[in-house]
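Below you'll find the structure, written out as C-alpha cells, and then a few comments.
The values are calculated or read from the model by the stated rules, or taken from the named source; none is laboratory data. Predicted model, so just to flag it, every value in this text is computed and none were measured. Cβ coordinates were reconstructed from backbone atoms using ideal geometry, including for glycine residues, and neighbour counts include every protein chain displayed. Keep in mind that these areas ignore ligands, DNA and RNA; they rest on the heavy atoms of the full protein, side chains included. Shrake-Rupley method; radii C 1.70, N 1.55, O 1.52, S 1.80 Å.
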Amino acid sequence: MTVRKQNVVLITGMSGAGKTTAMGILEDMGYHCIDNFPVQLIEYLGRIIKAEPDPRYQNIALATTAMDYPIFLQYFDNLDINVHIVFLDASNEKLLLRYKFTRRHHPMIIFNKANTLEEAIEVERDMFESLNEHSLIHIDTTKLDHLELKSILMEKLELDNKRTFSVSFESFGYKHGIPMDADYIFDVRFLPNPYYIEELKNKTGDDQEVFDYVMSFDQTKQFVAQLTQLLDFVFKEYQEQKKSHLIVAIGCTGGHHRSITIANWLFNHYKNEFVCYKSHRDKKVG
C-alpha cells in the first residue's frame with residue numbers, strides 16, 4: 001500500500017500582501033490552516049504530522065512572518081514531507097495603501113524593528129532577500145482581486161480528488177426572522193401545512209410521517225423539480241466562478257415542518273454530487 005506524504009504549504013511574504021486572504025482560500029480548498037503558529041512549538045507540530053495518519057493533518061497550511069519563516073523552512077526541509085512555499089508580494093505603494101486603509105500595525109513596527117511604515121516595508125523586504133534561493137510560488141497581488149488569487153492558488157495547490165464546492169441547506173421559520181448569511185432564500189409557505197394535522201402538529205420534517213406528507217402533494221413535486229433545475233444552473237455557474245460555498249435557505253412559517261422537509265430533500269438530492277451540509281435553525285424554537 002502506497003503511503004501518501006503529508007503536504008505542508010508555507011504562506012509567507014510581505015505583510016499586507018494577502019496572507020490572511022490566501023489562508024481563507026486554502027481552508028476552503030481542504031487544507032488545515034494554522035495562522036501565527038508559535039515557532040517555539042514547531043517540534044510538537046512535527047510530531048503530530050509524522051504520527052499515525054490523521055486526515056486533519058494530511059494537508060496543512062501555515063502562515064508565517066519574515067522573522068519566523070527561516071526556522072519553519074529549515075525544520076520542514078529535514079522532514080520527509082512535501083513542502084510548498086507561497087511567497088506573496090505587492091508593490092511598496094500598494095502595501096502602504098492597504099495599511100493606511102485598514103489602519104493595522106505593521107509587525108516590524110510592533111517588534112521595534114522600524115519606526116515608520118515606509119521603513120517597516122523596506123526592513124521586511126530586506127529580510128526576505130535570501131528567499132530567492134529556494135523554489136517557491138511567487139504571487140504578486142498588487143493588481144489581483146480575490147477571485148484571481150483564488151484561481152492561482154487552486155491551479156498550483158489544488159488537492160487531488162478534492163471537491164472544493166460545498167452547499168449548506170438551512171431551514172428556518174419566517175416568524176423568527178430570515179437568516180442573514182443566506183445566498184438564496186426560498187419560501188415554501190404555499191405548501192400544505194402539517195401543523196393543521198393533529199397527529200403531525202408536534203412532529204418535524206425530520207420525522208418520516210411529516211416528510212412523506214409534505215412530499216406527497218403535486219405542488220411539492222413540481223416545486224422541487226423546478227427548484228433543482230434552477231439550483232443545477234446556479235451551482236454550475238458558481239463553480240465556474242470558483243466560488244467555494246453557497247448557503248440555500250428554505251423558509252416556512254415556524255421552521256418545523258415544510259422547510260425542514262424540503263431542506264432534507266435537497267440535501268439528499270445533492271449529497272453525492274457536492275460536499276453538503278444541513279441545519280435546521282428553528283427546529284427547537286417554539
**Report entry** Mean projected area (nm²) of the alpha-carbon convex hull when segment 59-109 is viewed from all directions
**Finding:** 4.6 nm²
Query raised in the report: Rounded to a whole number of µm²/s, how large is the Stokes-Einstein D of segment 184-276 at 37 °C and 0.692 mPa s, given Rh as the Kirkwood radius over C-alpha pairs?
Result: 236 µm²/s
**Report entry** Area accessible to solvent at residue 155, 1.4 Å probe radius, in Å²
**Finding:** 140 Å²
Report summary line: With x for Gly and Pro, the residue-by-residue ³J(HN,Hα) of segment 225-237, computed from phi through the Karplus equation 6.51 cos²θ - 1.76 cosθ + 1.60 at θ = phi - 60° and given in whole Hz, is 5, 6, 5, 5, 4, 5, 5, 4, 5, 4, 4, 4, 5
Query - Interchain or long-range residues, amide H under 5 Å from residue 165's placed H - result: 275
Query raised in the report: How much FRET efficiency would the formula 1/(1 + (r/R0)^6) give for residue 79 and residue 56, where r is the Cβ-Cβ distance and R0 is 22 Å, rounded to 0.05?
Result: 0.80
Query raised in the report: In nanometres, what is the gap between the two model label sites at residue 219 and residue 126, each 7 Å from Cα along Cα-to-Cβ?
Result: 7.4 nm
Query - Quotient of Cα Rg and 2.2 N^0.38 Å for segment 2-83, N being how many residues it contains - result: 1.05
**Report entry** Gyration tensor verdict on the chain (Cα atoms; rounded if a/c is under 1.5, prolate if a/b is larger than b/c, oblate otherwise)
**Finding:** prolate
Query raised in the report: Which order do 96, 246 take when ranked by solvent-accessible area (1.4 Å probe, heavy atoms of all protein chains), largest first?
Result: 96, 246
Query raised in the report: Karplus couplings for segment 111-123 from phi (6.51 cos²θ - 1.76 cosθ + 1.60, θ = phi - 60°), rounded to Hz, Gly and Pro as x?
Result: 9, 6, 9, 7, 10, 10, 5, 4, 5, 4, 5, 5, 4
Requested in this report: Return the long-range amide H neighbours of residue 60 (sequence gap of 5 or more, or a different chain), with a cut-off of under 5 Å between placed amide H atoms.
Outcome: 7, 8, 9, 32
Requested in this report: Only Lys, Arg, Asp and Glu count, each charged at its Cβ (+1, +1, -1, -1), so figure out the dipole size of the chain about its Cα centre, rounded to 20 debye.
Outcome: 660 debye
Query - J(HN,Hα) series, segment 204-210, from Karplus relation 6.51 cos²θ - 1.76 cosθ + 1.60, nearest Hz, glycine and proline x - result: 10, x, 7, 8, 4, 5, 5
Requested in this report: Could you look at the chain and say what percent of its accessible area is carbon and sulfur, using a 1.4 Å probe and all protein chains?
Outcome: 49 percent
Report task. Keeping all protein chains in position, work out how much accessible area residue 152 exposes to a 1.4 Å probe, and write it in Å² to the nearest 10. Result -> 50 Å²
Requested in this report: Past 31 Å, Cα to Cα, is the threshold; run 94/242; 100/243; 19/284; 50/283; 94/278; 19/236 against it and keep the listed order.
Outcome: 19/284; 50/283; 94/278
Query raised in the report: If the viscosity is 1.002 mPa s and the temperature 20 °C, what translational diffusion coefficient in µm²/s does Stokes-Einstein give for segment 61-207 when Rh comes from Kirkwood over Cα pairs?
Result: 103 µm²/s
Query - Accessible area (Å², per residue) of the chain, counting only protein heavy atoms and a probe of 1.4 Å - result: 56 Å²
